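Read through the structure below, which is laid out as structure tokens, and then see the notes.
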Amino acid sequence: MEIKAIKKLQNGSDVRGIVLAGVPGEEVNFTQDMAMKIAFAFATWLEKKLGKAPLTFAVGRDSRLSGPHLAQAVALGLISKGNTVYQCGLATTPAMFMTTIDPLIQADGAVMVTASHLPFNRNGLKFFTKDGGLNKEDISEILAMAETIETSFTPGGQALDYDFLPTYSQNILKIIRAKTGLDQPLAGARIVVDAGNGAGGFFASQVLVPLGADTSGSQYLDPDGNFPNHVPNPEDTVAIDHITKAVLANQADLGIIFDTDVDRAAIIDERGHAINRNGFIAFIASILLSDYPGSTIVTDSITSTGLTAYIESQGGKHHRFKRGYKNVINEAIRLNNAGIETHLAMETSGHGAIKENYFLDDGAYLVTMALIKFAELLKANKPISSFLQGLKEPLEAKEIRLKITAEDFKSYGETVLADFATFAASQPGWTVVQPNYEGIRVSCDASAGNGWCLLRMSLHDPIMPLNIESDAVGGCAIIEARLKQFLTDYQALR
């Protein structure tokens, strides 16, 4: 494997690649040697940034089969620079950031070995400093450095084993107990957890049980990198079906589902209805807007018009931005710096970051907020389903992913979008939405499908996703028919 392929592993603000052989049509492009070089480059980059050496790092991993070997390679790359490395073993992505502010570890940098919900043969790296997760530009610089840097050995480095999840769990317990004023605010409640065999199984035993909850009926808590039961992804319909059935079968009051590395989550109400995507954003937004009335909520581009109406009904402002969890987080930070009070940045995928939690992408913290509200409802003898009665969900929703076959797919996609803006402006019953920060979004009135559509470019791939929602039966088909009329002229879209 050529080291020159390292830059190709960049996926936005993450590193991701194929680590395990055996899947037809997929070749390994991310090796332990490359992971070691990248870690060595990260340490070199951070030394220059902080102006000091040696440094302290923490390394964690999710449950993937390749995790132990890659984590060891990362640790080796960091130790080779003479640094101290806390090897945290099975961990979560948000926990790895927390090592940078933990009074014992006080890590200068942290690395999480994960590829989120991607298939079992993939893996990747996420990087943190005390300032938060690294940006796309930082990753580009580090990977470019990794392709040319000459590794060396500096004496004095050491590796220390440290299971950080109990410390992380204790912090969550302190927050919930402080907010509720009770040692066991979940006493009498049955809550089932689905960790999808990822890293989130700790939440049942280390958080919910000490708070008094009955967690019998929880499933897939044991880490297993084969992911034998379902993809650990709160957006996946099969995954949601599994947790929904568990809630109903156990007559649970609440269900919780995490993705592989616990930076995303969703909850299920007592009726078996998923509170995810627009619903989970509305849930968290409502809590924050009660604490910070009139503040702004930043979301990605594909959120519904019903969510906008709900946020405004709660006294908030909805700022719909771009896809990509770092995009929404950075936009929220930018707005705050511009004097626009913003406490939540959240994607429909379940990625959510809150100002009071360092704008950290943290599924467990979102669930923590939900549990505080749930405890309040429990005390009032109200079900969790009562909390979102004002949210209007679309009657129909559809996503179509159009592949761009043109060699220069970015230029082709930009041409399509420019032409679509002109086309949409000429259509009766259609209004091009402004302001809009990604793609072309169109509002369709009752005569033209009673909904909206959004055509945009994928962040990284030669794909143009097309999202359609409607509040009328058959509305999506009406909107799609007019879109097909436009798309027939573009032969490189399939």
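The values are calculated or read from the model by the stated rules, or taken from the named source; none is laboratory data. What you are looking at is a predicted structure, and each value in this text was computed from that prediction instead of being measured. Virtual Cβ from ideal backbone geometry, glycine too; neighbours counted across all protein chains shown.
Identify, by number, the condition in (1) within 19 Å of D224 (Cα to Cα); (2) aliphatic (A, V, I, L, M); (3) within 18 Å of the chain's Cα centre (by Cα) that V111 doesn't meet.
Exception for V111: condition (1).
Kindly establish whether T154 is of a type in the set (S, T, N, Q), more than 30 Å from V238 (Cβ to Cβ) and outside any loop (DSSP other than H, G, I, E, B).
Details: of a type in the set (S, T, N, Q): yes; more than 30 Å from V238 (Cβ to Cβ): yes; outside any loop (DSSP other than H, G, I, E, B): no.
So T154 fails the test.
State yes or no: is S116 touching a Pro at 6+ places or on another chain (Cβ under 9 Å) and touching a residue at least 40 places away in the same chain (Cβ under 8 Å)?
Details: touching a Pro at 6+ places or on another chain (Cβ under 9 Å): yes; touching a residue at least 40 places away in the same chain (Cβ under 8 Å): yes.
For S116, the condition - touching a Pro at 6+ places or on another chain (Cβ under 9 Å) and touching a residue at least 40 places away in the same chain (Cβ under 8 Å) - is met.
How many of the residues in the stretch 172-188 are part of a helix (DSSP H, G or I) and surrounded by 15 or more Cβ atoms within 10 Å (Cβ to Cβ)?
We begin by selecting, within the stretch 172-188, every residue part of a helix (DSSP H, G or I); these are 172-180.
Next cut, surrounded by 15 or more Cβ atoms within 10 Å (Cβ to Cβ) only: 172-173, 175-177, 179-180.
Here the count works out to 7.
Would you point out which residue out of Y437, Y412 is under 21 Å from E312 (Cβ atoms), at pLDDT 95 or above and among the aromatic types (F, W, Y)? Talk me through it step by step, then tell me what you get.
On the way: Y412 fails: under 21 Å from E312 (Cβ atoms).
Of Y437, Y412, the one residue that is under 21 Å from E312 (Cβ atoms), at pLDDT 95 or above and among the aromatic types (F, W, Y) is Y437.
Is there a residue being of a type in the set (A, V, I, L, M, F, W, C), buried (at least 18 other Cβ atoms within 10 Å of the Cβ) and part of a strand (DSSP E or B) anywhere in the stretch 469-490?
No, the stretch 469-490 contains no residue that is of a type in the set (A, V, I, L, M, F, W, C), buried (at least 18 other Cβ atoms within 10 Å of the Cβ) and part of a strand (DSSP E or B).
Considering (1) surrounded by fewer than 18 Cβ atoms within 10 Å (Cβ to Cβ); (2) in contact with a Lys or Arg (Cβ under 8 Å, 6 or more places away or on another chain); (3) over 26 Å from T260 (Cβ atoms); (4) modelled with pLDDT of 95 or more, say which one G157 fails and leave the rest.
Result: G157 passes all but (1).
Do any helices (runs of 4 or more DSSP H) entirely within the stretch 26-120 hold 3 or more residues that are at pLDDT 95 or above and within 24 Å of G201 (Cβ to Cβ), and if so, which?
Numbers: elements: 32-50, 67-79, 93-98.
Filter on the stretch 26-120 gives 67-79, 93-98.
Return the residue satisfying two criteria in turn: it lies in the stretch 321-344 and is charged (D, E, K, R) and in a loop (DSSP other than H, G, I, E, B), and of such residues it is surrounded by the fewest Cβ atoms within 10 Å (Cβ to Cβ). First the steps, then the outcome.
Quick first cut of the stretch 321-344, residues charged (D, E, K, R) only: 322-323, 326, 331, 334, 341.
Filter again for in a loop (DSSP other than H, G, I, E, B), leaving 322-323, 341.
Details: K322: 20, R323: 21, E341: 13.
Here the residue is E341.
Just checking, does the stretch 113-126 include any residue being in contact with a Ser or Thr (Cβ under 6 Å, 6 or more places away or on another chain), of a type outside the set (S, T, N, Q) and surrounded by fewer than 17 Cβ atoms within 10 Å (Cβ to Cβ)?
No, because not a single residue in the stretch 113-126 is in contact with a Ser or Thr (Cβ under 6 Å, 6 or more places away or on another chain), of a type outside the set (S, T, N, Q) and surrounded by fewer than 17 Cβ atoms within 10 Å (Cβ to Cβ).
Which of the following residues is among the aliphatic types (A, V, I, L, M), farther than 30 Å from G132 by Cα and not in a loop (DSSP other than H, G, I, E, B): L371, L417?
L417
On the given criteria, is S152 outside the structural domain of L378 (by TED's automatic domain parsing), in contact (Cβ under 8 Å) with a residue 60 or more places away in the chain and surrounded by fewer than 17 Cβ atoms within 10 Å (Cβ to Cβ)? Before you say what the answer is, go through the steps one by one.
Details: outside the structural domain of L378 (by TED's automatic domain parsing): yes; in contact (Cβ under 8 Å) with a residue 60 or more places away in the chain: yes; surrounded by fewer than 17 Cβ atoms within 10 Å (Cβ to Cβ): yes.
Answer is yes for this residue.
Restricting to the stretch 192-211, what's the tally of residues that are closer than 19 Å to M112 by Cβ and in a loop (DSSP other than H, G, I, E, B)?
First, pick out the residues of the stretch 192-211 that are closer than 19 Å to M112 by Cβ: 195-203, 206.
Remaining after also requiring in a loop (DSSP other than H, G, I, E, B): 195-201.
Selection size over the stretch 192-211: 7.
Kindly establish whether I191 is crowded, with 21+ Cβ neighbours inside 10 Å, modelled with pLDDT of 95 or more and more than 30 Å from D14 (Cα to Cα).
Details: crowded, with 21+ Cβ neighbours inside 10 Å: yes; modelled with pLDDT of 95 or more: yes; more than 30 Å from D14 (Cα to Cα): yes.
Criteria met by I191.
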